[in-house]
Structure formats: C-alpha cells, structure tokens
1. What number of residues in the range 369-423 are under 22 Å from Gly598 (Cα atoms) and either in the same structural domain as His73 (by TED's automatic domain parsing) or among the basic types (Lys, Arg) (or both)?
2. What's the number of the only condition in (1) in contact with a Pro (Cβ under 9 Å, 6 or more places away or on another chain); (2) assigned to a loop (DSSP other than H, G, I, E, B); (3) aliphatic (A, V, I, L, M) that Ala426 fails to meet?
3. Which ones in the range 467-490 are touching a residue at least 40 places away in the same chain (Cβ under 8 Å) and either surrounded by fewer than 17 Cβ atoms within 10 Å (Cβ to Cβ) or over 25 Å from Glu334 (Cβ atoms) (or both)?
4. Being surrounded by fewer than 17 Cβ atoms within 10 Å (Cβ to Cβ) and touching a helix residue (DSSP H, G or I) at 6+ places or on another chain (Cβ under 7 Å) narrows it down to one of Ser308, Ser300, Ser314, so name that one.
5. Within the range 91-126, which residues are surrounded by 23 or more Cβ atoms within 10 Å (Cβ to Cβ) and in contact with a Phe, Trp or Tyr (Cβ under 6 Å, 6 or more places away or on another chain)?
6. Which of the following residues is crowded, with 19+ Cβ neighbours inside 10 Å, modelled with pLDDT of 95 or more and within 23 Å of the chain's Cα centre (by Cα): Thr325, Thr319?
7. Within the range 450-462, is there a residue that is in a loop (DSSP other than H, G, I, E, B) and buried (at least 24 other Cβ atoms within 10 Å of the Cβ)?
8. Which members of the range 407-429 meet the condition of being within 21 Å of Val321 (Cα to Cα) and small (Gly, Ala, Ser)?
Amino acid sequence: MNFLEKIESPADLKLLSRSDLPELAREIRKTIVDVVSKNGGHLASSLGAVELAIAIHYVFDAPDDKIIWDVGHQSYPHKLLTGRRKMFHTLRQYKGLSGFTRISESPYDAFSTGHSGTSISAGLGMACAQRFQKKHSKVIAVIGDGSMTSGLAYEGLNQAGDIHKSLIVILNDNDMSISHNVGALSSFLSRKLSSQRLQSLRKEFGEFLKSLPKVGGDIYHLAKRSEESFKSFVTPGILFEAFNFEYFGPINGHRLNHLIDILNNVKCLDEPVLLHVTTKKGKGYPPAEKNPVYFHGVGSFEVKTGNSSGKKSSKPTYTQVFGETMVKLAQKDEKIIAVTAAMPEGTGLANFADTFPDRFFDVGIAEQHGVTFAAGLAAGGLKPVVAVYSTFLQRAYDQIIHDVCLEAIPVVFAIDRGGIVGEDGATHHGLFDFSYLRSLPNMVVMAPKDENELCRMLVTAISHNGPIAFRYPRGAATGAVVDQEPTPITIGQGEILKNGNDLLILAIGRSVCDALDAHAILGEKGISATIVNCRFVKPIDSDLICSLAKKIPHIITVEENVLQGGFGSAVLECLCDNGVSGFNIKRIGIDDTFVEHGSQDILRSKYGIDVSAIVDAAVKLCVKDA
C-alpha cells in the first residue's frame, strides 16, 4: 500500500496508525532519493530527518503550530507531508519547488530559510507574537547540530531562557557520538521526565519544599542541584539547562514511537524546551550513509550506485584551481593560513587541510568569528586567507568593517560562488559582494576573467599589505592555461583585450568571457568594440577608463552583481569625478530584485546578463546614436 499517495496535508497523516508510519518513512525516502538523483539537492540531511518530520506533523497542528526548519537542508520530508507531493519532482528546478522552506511557497513554511542558525531567534519572535495575541499555538524550531556552531543560535537560546516564552527547540544531532547504553537510558529518562504528570509533580513538590519554614529554600535548592547533577551525568544537557531550557534527550530520532511519545509530552509544557534527538545522515540510502559529506549537497547521480551521472567537464572548477594554488603557495610560504566556516570541501581546501593540518582552521558555521579570528592571525604576523561563499560572507559584514578594514589588517578574502549560483536560489546567489565591499575604506576588490587570473589574484592578495578580496564564480573554469609561476597584478590595473572604435565594453569577472563572445557577434553586425577586462572594482582603473571613454562615448558595463552600488556604479562615479561628459552608457547587471532558483543559463538569460543581452544592448546603443 502506498501511504504517501494518500497524504495531501498533515491531517491525512494523522489518519494513519502508528504501525503504518515506518512504511511511510520508507516511501518518503525512496521519493526523495528518486527526485534528488535527477535534480540534485541536499540529500543526506533530509534522509536523516524523515522520522522527525513525520513525528512532528503527527503530533502538532501545522500551520497553526509554527514549524521552522533551520537552514532548510532537512526540509524535503516536510514538503512531502504538506501538500507538495505532486510538485516534488520540480524540486530546485526553475519555477518549481525551492530547495529550502519559503513563506511564499506554502502556509506550512513558517519562515524562509537558507542560511543557518536563524530558527531559534525567529521561533522566539513567533512565540512572543502568539502570546501577545493570546494565541496558544506551539512554535517548534528544528536545528541541526552544525547550525549550533552559529553564534546566532546561542543568542536566541539566551533570550528565550531569559524571557521564558514557550518554545520547543529540537536539536537534530547527526554527528555527535553517544554510546548505546547512555542513549537508551537517556531516551527512557527523557520520556519519563517529560510526562505531564511528572512535570506537575515536580513543580508541586518544589513549591512544597520552598514552603517549609526556615529550611525550605535550602532543601529545594539542594534537591534541584541533585536532579541536575544526575541529568548532567547521563546526558549532555547541562549546557541547555544553563540557558533555562528544560532539556530532554538524547533520544533516537529514528524510533517513531519514542519520538511521538516525547513530543506529545513536551507539547504540554509552557516553558522553553530543548529536545535532543540523534539521527543518521543519509539514513536508508547506503551510499549516503557511507559518504554523508558528498551527499550533503549533491548533483544528479545513479540511484543504484550513487555515482554522479552529470556531465563531467574536462575543465577544472574555479574552486579546484583555488585549492590547488593555495597548496602550492603554502609550500613556499609557511605564514599562509587557511580559514573556512564549515566548508573545507565546498571551498576547495580539503587538500590544504590534509597537507597543512596545523595551518588550517575550520571555525564551523561562524563566519563572524572566522573573520575576526583571521584579523587576529594577521595582526600576529601571519597571512590568513578566508575562503567563504559570497552569500555567507554577508553574515560577517560588521567584522569586515570593524576588525579588518578599520586598521587595514591584511586579511585575504577568497570569495567563492560570486554571481549567479543556480538551483539553491535567492539565499545563495552571490550578487551583492561588489556593492557591500567596494564601499569600505582600505578594501581592494577584484574578480578574475579566468582561472589563470584567479591564481595571479591570489598571489597579488597574499603579497598585499591590507584587506583584499577576490570573487570567482561557481562551476567550470574557462580552460585557460595556468602559469607555473603566477605573477602579481598591479593593483587597480585593467587590460584591453580587443580594440574597436564604435563601442566600449567594460567587463569584470566571468562577464569578460561573455563580452568577448559578444565582440565576435557584433563584428559580424558591423560594430567594432573595445573590450576591457577591468579586473578591479576598487580601485578602478580610472586612467584607462576615462581615456577610452573620451574617445569612445558609447559605453556598456557588464557585471554579475546587483546594479546598485556595483561595478557599473563605480564606472559612473569614475567618469563623473574625472569630469568626463558626453557619453551614453548602458549598465548590464541585476536589477533591484532577488533572483529565484533555476539553472545558471536560464537565470542569466532571464535577467539579461548573458551574451545576447550584451549584443542587444550594443545594437540599441549604436543604432540609437546613428
């Protein structure tokens, strides 16, 4: 019997008997594996959370009860149980379901997620809102152990325990090693300690002890300390008790009956609760169980073997080139240090970590700490390289300003996934870094046109005595030959790649290749264009740009960044500040919007930042003038 086909909402789930739920879990896992094998996605974490999603929706009453899935990596079972089964095959595809939870996608998605650590703070806000409006719905924040390295999570815990609002935090622990004996005992204790009857008895007995004349208060505190000592002996909950949370766990997150029992118990508590469940990433799919890191975020693959089924490019990725160059440079310079925030594989630093374990630091999902930590390393005379995705560097903006740029501390920022990222969507596109970095005093911002220039920019950055950043795109590089001994680039110096008299195209980063392709097409249309690889967003090559603009007044700027405050804005400011006039300019970039999920090619075409967009803009600019 196919139980999943009968579920259009959590109300249908509640009609199933508990004995049916393990089969439902199996069907959910099969569906997730089948779809992700075609579309790619966050597989291992979602497979590990199947029973947890079933139990939560079996006990609570969404959407009245608010369920927040931190990051959203583990939300695929939730989507299947909340009316999106028929659309699930469109996961992460253009115009299809998002790979994360989105308020705009479903009323069952209480909060839009994509970056880690937000669930507890958002959940506490919702719990306060419920109380203000005299509503009695529950708020459940499901947070993975990786996200618990985020400082924001502890800020939320701290306030929740202080203001004592009703909030249930479920820590989905899929990495902590806990012995079977301790886990079984703890599971038993948590189910017993969380029962409503025992909770009432504890409070009544506590009030009785405090009411005893003279000695009551002392006896109460002694009893409380004894209970906490026993719980901390058999569980790791003392930390959360310190935040004034009632702690229960760890409990096996794949035992549905236990999960449902304890959720029914904690549902009745009107105080902050933390339920600690242990799960296995990749549960039910052997390749993902064996290699959960690879299957955390994976492209298309063969279900039978787990092997990638995507087209393999003969060209390396920018990420691979960066990682290989870091190792080569570090072999010659022992002061080079690599810092990343829970992304050693994603940023290409896994080999560096193996080769130089004492010079590699993974700070966890703590970008703010990572940047300030790197500033401390640099202040101590070392050469830290912070490798981070563009979208995640946003989380450390104050630290970049206050701890790095203010005193011109020489920290290098290697910014991966700059520009359109693809199927992960709005929370992951790196479309703001030009804008948010170029406004900072003492900061140098650059972007390479190919992998050889990436290597040269890394050399430039390490030798620069101040804050410096270079951003590069996701995916395969261009196939350019990489110099054996990359040389530095003069700070603020662009280069002319093609000469022409009709049009001036100023491009930065991966857009340079599009500009070169457009140059060939325009030549066939009788339009000759000068193509400049500007290399630097800050300091911009004002001498080169202004001299060319005076001779070629038809100008196009091209960038894979938002237009506000980006590279095109820098060009306009440059021309204005240097008194250049009489030019016509068209800026190509992302308008004032968040870009949805979809393939990189589809999105670049839709938002008008590809070769065709450059050609169309050039023809209109030249024809208009004629």
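The values are calculated or read from the model by the stated rules, or taken from the named source; none is laboratory data. Note that the structure is a prediction, hence the values are computed from the model and not measured. All Cβ positions, glycine included, derive from the backbone under ideal geometry; neighbour counts span all protein chains shown.
1. Of the residues in that region, 1 qualify.
2. Only one criterion in (1) in contact with a Pro (Cβ under 9 Å, 6 or more places away or on another chain); (2) assigned to a loop (DSSP other than H, G, I, E, B); (3) aliphatic (A, V, I, L, M) is unmet by Ala426, namely (1).
3. Residues satisfying the conditions are Arg471, Tyr472, Pro473, Arg474, Gly475, Ala476, Ala477, Thr478, Gly479.
4. Ser300
5. Of everything in the range 91-126, those that are surrounded by 23 or more Cβ atoms within 10 Å (Cβ to Cβ) and in contact with a Phe, Trp or Tyr (Cβ under 6 Å, 6 or more places away or on another chain) turn out to be Thr101, Thr113.
6. So the residue among Thr325, Thr319 that is crowded, with 19+ Cβ neighbours inside 10 Å, modelled with pLDDT of 95 or more and within 23 Å of the chain's Cα centre (by Cα) is Thr319.
7. So far as the range 450-462 goes, no, none of its residues is in a loop (DSSP other than H, G, I, E, B) and buried (at least 24 other Cβ atoms within 10 Å of the Cβ).
8. If the condition is that a residue be within 21 Å of Val321 (Cα to Cα) and small (Gly, Ala, Ser), then Ala414, Gly418, Gly419, Gly422 are the ones that fit.
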